[in-house]
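S.K.: What follows is a structure written as structure tokens; I'll ask about it next.
The values are calculated or read from the model by the stated rules, or taken from the named source; none is laboratory data. What you see is a predicted model, and the numbers here were worked out from it, not measured in a lab. Note: ideal-geometry Cβ built from the backbone for every residue, glycine included; neighbour counts use all protein chains shown. We work out accessible area using only protein heavy atoms, side chains counted, and drop any ligands, DNA or RNA first. Shrake-Rupley method; radii C 1.70, N 1.55, O 1.52, S 1.80 Å.
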2 protein chains.
Amino acid sequence: METPKNPTSIQHRIREGLSRVAMVMRVDDWNRAKRAGINPTQLSILELLEGRGDGLGVKEIAFHLGVSQPTATDSIAALERKGCVEKRQTETDRRGVSVAITTAGLTALRAGDGEESLANQATEALAAHEQEDLLVMLIKMIRQLQVNDAIPIQRMCTSCRFFAPFAHADAAQPHHCKFVDAAFGQRDLRIDCRDHETADAAIRAATWAVFENGRD
Amino acid sequence: METPKNPTSIQHRIREGLSRVAMVMRVDDWNRAKRAGINPTQLSILELLEGRGDGLGVKEIAFHLGVSQPTATDSIAALERKGCVEKRQTETDRRGVSVAITTAGLTALRAGDGEESLANQATEALAAHEQEDLLVMLIKMIRQLQVNDAIPIQRMCTSCRFFAPFAHADAAQPHHCKFVDAAFGQRDLRIDCRDHETADAAIRAATWAVFENGRD
DNA sequence: GCAAATAAATAGGAATCCTATATATATGCG
DNA sequence: CGCATATATATAGGATTCCTATTTATTTGC
């Protein structure tokens, strides 16, 4: 039941809360970017490209960032001027380019981190089990957005062909990663694993069904 | 235990997840703003001013938005040109101004909503009890940021003088709002209540202690 | 009464970000 | 084959955001 005045849905209030957290993350991004000598948007691109040696197309980058394609072109050009990325012509399609991070780009990215971020301060207000729950909820939310085609497939365990959810009886480390051939726990689930390899749609659906139902 | 390769902290991965969600919220904001005939930053300002009849100063607005004061001046001027806000001179301090939303501003704000947002789609991937947990976690995170002076006090129940946490035995509606004199549940906690009145620091601390420990 | 602090505006400039359009290449189909 | 359509990216043009540094007006403190 709602209090009589000012009624809102819980979805609305969650959105308000997320938006406050997003705001401090933007401040974090400015600080990190400043240390790296670039801008927040450019930093996002470098983060996206890190660990993707083969590079990404301009359109893909735009979709990942949630901006228009010309905006992505802009920022890629700015990064190129600074020597942080390089564009290669695609072999198969001569219209396309493949944007990849350079050594200089990786150095800039490294220069960015360090210093306690505000987002970390916020997360530290949560108990360990809450952090774990939050991570799992975020994975569920992100997966929903993927299913709805609102965002591209991320490099999360749940869409990876190496992921075997709840493969072990051990409650602390129920999952198995076939890439490293090791058991791991809920709190170790990856959002952006560079060893990720997207599984086929059918496999993804099956994996998700097991993951979602959990261990019971 | 981490998988051997690519080790990261759970804080880091939560940040990655939040940043993905923040990205789709930015897309939502563009869509809403476009419907309202303004820009995302301007929309944030209107949302901030809604329900604050007395208005806010330029510096306060900048702090709430996490931008510099001249940037806030810029966007306020843009809103003023469109007739969405008006500046009044402060009575007590003739240096200061008080920015308040106008009827036209409220109309624009209303024009913005409608349409299912991507953020809502994401939230709907969660079960009702998960949504409630998420809301409470966000409150804890935001409160931590306030305590650290990273963001201003929000209009959350937990800092409100009308809020009496866990005042009732009823597990479904343990809290009490002295403003409307009614019981309400965890899932009804407000992030941005327009009836909020900030309690004294000592009261806030006591209220928080009760809220945080929960019903046990 | 005057120095220091504060609120907001201004100056100057880079970068983001949009829509609309142009260019080059690929693909599909009769 | 040849042409229409689709796709990948770049360009054009323009509004706005966003920064740092500085200026202006006012208040506060000693």
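S.K.: Test of understanding: among B:104, B:167, which residue is in the same structural domain as residue B:203 (by TED's automatic domain parsing) and open to solvent by 20 Å² or more (accessible area, probe 1.4 Å)?
M.R.: B:167
S.K.: If you don't mind, another one. Take the stretch A:136-158 and flag every residue that is at pLDDT 95 or above and in contact with a strand residue (DSSP E or B) (Cβ under 9 Å, 6 or more places away or on another chain).
M.R.: Matches in the stretch A:136-158: A:156, A:157.
S.K.: Report, by residue number, each residue of the stretch B:57-86 that is more than 8 Å from DNA strand C (Cβ to nearest atom), more than 14 Å from every other protein chain (Cβ to nearest Cβ) and not in a helix (DSSP H, G or I).
M.R.: B:82, B:83, B:84, B:85, B:86
S.K.: Could you check, for the stretch B:155-172, whether at least one of its residues is in contact (Cβ under 8 Å) with a residue 24 or more places away in the chain, at the interface with chain A (Cβ under 8 Å from one of its Cβ atoms) and farther than 21 Å from residue A:136 by Cα?
M.R.: Within the stretch B:155-172, none of the residues are in contact (Cβ under 8 Å) with a residue 24 or more places away in the chain, at the interface with chain A (Cβ under 8 Å from one of its Cβ atoms) and farther than 21 Å from residue A:136 by Cα.
S.K.: Here's a follow-up. Go through the stretch A:100-134 and count every residue that is polar (S, T, N, Q) and within 9 Å of another protein chain (Cβ to nearest Cβ).
M.R.: 5
S.K.: Sticking with this structure for a sec: Pick from the stretch A:31-52 the residues that are open to solvent by 60 Å² or more (accessible area, probe 1.4 Å) and either touching a residue at least 40 places away in the same chain (Cβ under 8 Å) or more than 13 Å from every other protein chain (Cβ to nearest Cβ) (or both): which of them is nearest to DNA strand C (Cβ to nearest atom)?
M.R.: Taking the candidates together, the pick is A:39.
S.K.: For the stretch A:33-48, name all the residues that are within 13 Å of DNA strand D (Cβ to nearest atom) and in a helix (DSSP H, G or I).
M.R.: Hits for the stretch A:33-48 are A:33, A:34, A:35, A:40, A:41, A:45.
S.K.: Within the group A:57, A:53, which residue is modelled with pLDDT under 90 and on the phi < 0 side of the Ramachandran plot?
M.R.: From the options A:57, A:53, the qualifying one is A:53.
S.K.: Which condition from (1) within 16 Å of DNA strand D (Cβ to nearest atom); (2) within 14 Å of chain B (Cβ to nearest Cβ) is the one that residue A:93 breaks?
M.R.: (2) is the only condition that residue A:93 fails.
S.K.: Next question. How many of the residues in the stretch A:111-135 are modelled with pLDDT of 90 or more and more than 23 Å from residue B:132 (Cβ to Cβ)?
M.R.: Here the count works out to 3.
S.K.: Just to be sure I understand, how many residues within the stretch A:115-132 are crowded, with 18+ Cβ neighbours inside 10 Å and not aliphatic (A, V, I, L, M)?
M.R.: Within the stretch A:115-132, residues that are crowded, with 18+ Cβ neighbours inside 10 Å and not aliphatic (A, V, I, L, M) number 5.
S.K.: Going by the structure shown, is residue B:138 within 15 Å of DNA strand D (Cβ to nearest atom), within 14 Å of chain A (Cβ to nearest Cβ), under 21 Å from residue A:18 (Cα atoms) and of a type in the set (A, V, I, L, M, F, W, C)?
M.R.: Numbers: within 15 Å of DNA strand D (Cβ to nearest atom): no; within 14 Å of chain A (Cβ to nearest Cβ): yes; under 21 Å from residue A:18 (Cα atoms): yes; of a type in the set (A, V, I, L, M, F, W, C): yes.
Considered against the rule, which asks whether it is within 15 Å of DNA strand D (Cβ to nearest atom), within 14 Å of chain A (Cβ to nearest Cβ), under 21 Å from residue A:18 (Cα atoms) and of a type in the set (A, V, I, L, M, F, W, C), residue B:138 comes out as no.
S.K.: Quick one: is residue A:59 near DNA strand D (Cβ under 9 Å from one of its atoms), open to solvent by 60 Å² or more (accessible area, probe 1.4 Å), free of Cβ contacts under 8 Å to residues at least 60 places away in the same chain and under 22 Å from residue A:194 (Cβ atoms)?
M.R.: Answer is yes for this residue.
S.K.: With respect to the numbered conditions (1) away from DNA strand C (no atom under 16 Å from the Cβ); (2) of a type in the set (A, V, I, L, M); (3) in the same structural domain as residue A:189 (by TED's automatic domain parsing); (4) over 30 Å from residue A:183 (Cα atoms), which one is the sole condition not fulfilled by residue A:156?
M.R.: Every listed condition holds for residue A:156 apart from (4).
S.K.: How many residues are open to solvent by less than 50 Å² (accessible area, probe 1.4 Å) and within 11 Å of DNA strand D (Cβ to nearest atom) when one looks only at the stretch B:62-81?
M.R.: Count: 10.
S.K.: Being more than 7 Å from chain A (Cβ to nearest Cβ) and open to solvent by less than 20 Å² (accessible area, probe 1.4 Å) is the filter here; which residues of the stretch B:190-204 pass it?
M.R.: B:199
S.K.: Going by the conditions given, is residue A:99 part of a loop (DSSP other than H, G, I, E, B) and either under 14 Å from residue A:41 (Cβ atoms) or in contact (Cβ under 8 Å) with a residue 24 or more places away in the chain (or both)?
M.R.: Against the criterion (part of a loop (DSSP other than H, G, I, E, B) and either under 14 Å from residue A:41 (Cβ atoms) or in contact (Cβ under 8 Å) with a residue 24 or more places away in the chain (or both)), residue A:99 does not qualify.
S.K.: Kindly indicate which of B:150, B:119 is assigned to a helix (DSSP H, G or I) and among the small types (Gly, Ala, Ser).
M.R.: Only one candidate passes the filter, namely B:119.
S.K.: Which of the numbered conditions does residue A:59 fail, given that it passes all the others? Conditions: (1) out of contact with any Leu (no Cβ under 8 Å at 6 or more places or on another chain); (2) within 23 Å of residue A:103 (Cβ to Cβ).
M.R.: (2)
S.K.: I need the full set of residues from the stretch B:175-188 which are under 14 Å from residue B:155 (Cα atoms) and more than 7 Å from every other protein chain (Cβ to nearest Cβ), in order please.
M.R.: The one that is under 14 Å from residue B:155 (Cα atoms) and more than 7 Å from every other protein chain (Cβ to nearest Cβ): B:179.
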